[in-house]
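Below is one structure, written out as structure tokens; the observations come after it.
Quick note: the coordinates plus some simple rules give every number you see, no bench work behind them. Keep in mind that this is a model prediction, so the values were computed, not measured. Note: ideal-geometry Cβ built from the backbone for every residue, glycine included; neighbour counts use all protein chains shown.
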Amino acid sequence: MSRLLVSTPPTAEKGTTGSVEVMVAEDLWKVYRLGKIDYPALRGVSFSVRRGEYIAIVGPSGSGKSTLLNIMGALDRPTKGRMMIDGIEISRLNDRRLAELRNRKLGFVFQNFNLLSYMSAAENVETPLIASGVPPEERRRVAYELLEMVGLKGFERNRPTMLSGGQQQRVALARALANSPQIILADEPTGNLDSKSSREIIELLRRLNREKGVTIIMVTHNFELTSYCDRIWFFRDGRIEREEKRDAGQAI
């Protein structure tokens, strides 16, 4: 059976968001110690994310957007507060269980692609499957299918240095999909791309959300890229300053 995410999760219909909350945060604080000074990057952030939503987090540099995404992705722990994924309080998990949760439920797309330069495109896509214990033949088949899905058929053996920025980000997106995640966390996924490549990546994310039911949470400084989102969180000084619901067409 293919490991590709080719169907909508059973709790949501195509083109709709489900009522199931896949992420819940309660009073998240993240405080960094700089010498003798405490610097709060997050200041009491609370929210919930429903299955199948497409959420954008926008705000100025240094406002705490990426810090929040790292905690949502179990890449960092809050100083105070609770962060839950599918009802699991991730701040209580040890490093091994956190790694298992990330590999099973989450996919990551970064601004700088984070591809391994000595590996081919297909080998980069295979890396999450290695940790999952998938046999080599199955890993290669899934990688080729995913690369075709993101428009890179014929580029499977190319290394990152042989690909454009837009193509590298497509490889990164294919890698994020390797374990059929419920949620994709994208941190400035178009930050290093030209306008044409940016539109193509955003369109791919939109298709994954609308056609496959994948929950998307995207950090961006470019408000123009939020047109497909269900909700927009305007972030400032470590807080969600306000939220805009696109389906309602009004800020709240």
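Quick notes on this structure:
- Leu116-Lys245 FRET efficiency (beta carbon distance; Förster radius 45 Å; 0.05 resolution): 0.70
- Relative contact order of region 165-252, taken over Cα pairs closer than 8 Å and 6 or more residues apart, is 23 percent.
- Dipole check for region 96-252: with +1 at the C-beta of Lys and Arg, -1 at the C-beta of Asp and Glu, and the Cα centre as origin, the magnitude is about 300 Debye.
- Computed over the chain: relative contact order in percent, which uses C-alpha pairs under 8 Å that are six or more apart: 29
- This ranking places Trp29, Trp233 by how few other beta-carbon atoms lie within 10 Å of each, fewest first, which gives Trp29, Trp233.
- Here Met218, Met84, Met162 are placed in order of increasing Cβ neighbour count within 10 Å, fewest first, which gives Met162, Met84, Met218.
- Estimated FRET transfer efficiency when R0 is 35 angstrom, pair Ser46-Ser195 (beta carbons, to 0.05): 0.50
- By definition, a body whose alpha carbon gyration tensor gives a ≥ b ≥ c is prolate when a/c is 1.5 or more and a/b is larger than b/c, and region 161-252 fits this prolate description.
- Counting 0.36 nm for each residue step from Lys80 to Phe223 and taking away their Cα separation leaves a gain of 48.5 nm.
- Rounded if a/c under 1.5, otherwise prolate or oblate - region 37-111, Cα gyration tensor axes: oblate
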